[in-house]
Amino acid sequence: MKRLLCILLLGLMPLQSGCVVAAVGIAAAGVTTAKSTMEEVVERSYVQPYWCVYRATHAALHEMSIGLDNVEGVKEGDVFHAKTAEYPVTVELHRITDTVTRVRVEAGKNVFQQDQATAMAVADAIHQIIARNLHTGMVVTPES
């Protein structure tokens with residue numbers, strides 16, 4: 001009887017540890033999902049003067065038909081408050097140096113409803129406008 005009980009317990013142990021592993025895995029997936037959802041903000045730095053990135057941000061929002069509500073001056077730079085049909089969009093500009101400007105784009109209603117695709121599209125549009133302006137000679141390169 002003891003031997004049968006030992007065999008039965010040994011046979012059930014992998015199932016128990018599997019449940020524990022599955023439970024830990026599910027909990028970890030939930031934490032990862034929450035972390036990913038909360039960090040759907042896009043940050044980029046551009047090797048361009050602040051005024052260049054400021055104008056490119058205006059142009060990007062206009063080209064994307066994202067309505068600009070207002071631009072708020074803050075200590076580090078400016079914050080653009082805009083809105084798509086579904087979500088508010090916030091673009092923060094921070095002057096790092098005379099030739100480096102950091103852009104932080106956030107799109108979404110709250111921490112749990114973020115739209116990283118739109119945030120990425122805004123950052124890409126800013127980049128494309130800067131590149132286009134450099135190509136046409138409308139902006140001087142940082143080396144000039």
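The values are calculated or read from the model by the stated rules, or taken from the named source; none is laboratory data. Just so it is clear, the model here is predicted, and its values are computed rather than measured. Neighbour counts run over all protein chains shown; Cβ positions are idealised from the backbone, glycine included.
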Whichever residue in segment 58-67 is among the hydrophobic types (A, V, I, L, M, F, W, C) and under 19 Å from residue 133 (Cβ atoms) and, among such residues, is surrounded by the most Cβ atoms within 10 Å (Cβ to Cβ): 60
So for segment 105-119 (the condition being without any contact (Cβ under 8 Å) to a residue 40 or more places away in the chain and assigned to a helix (DSSP H, G or I)), does at least one residue qualify? yes
What single numbered condition from (1) touching a Phe, Trp or Tyr at 6+ places or on another chain (Cβ under 9 Å); (2) crowded, with 20+ Cβ neighbours inside 10 Å fails to hold for residue 95? (2)
Which residue is farthest from residue 46 (Cα to Cα), if the candidates are limited to segment 57-91 and must be touching a residue at least 40 places away in the same chain (Cβ under 8 Å) and either of a type in the set (A, V, I, L, M) or not assigned by TED's automatic domain parsing to the domain that holds residue 125 (or both)? 66
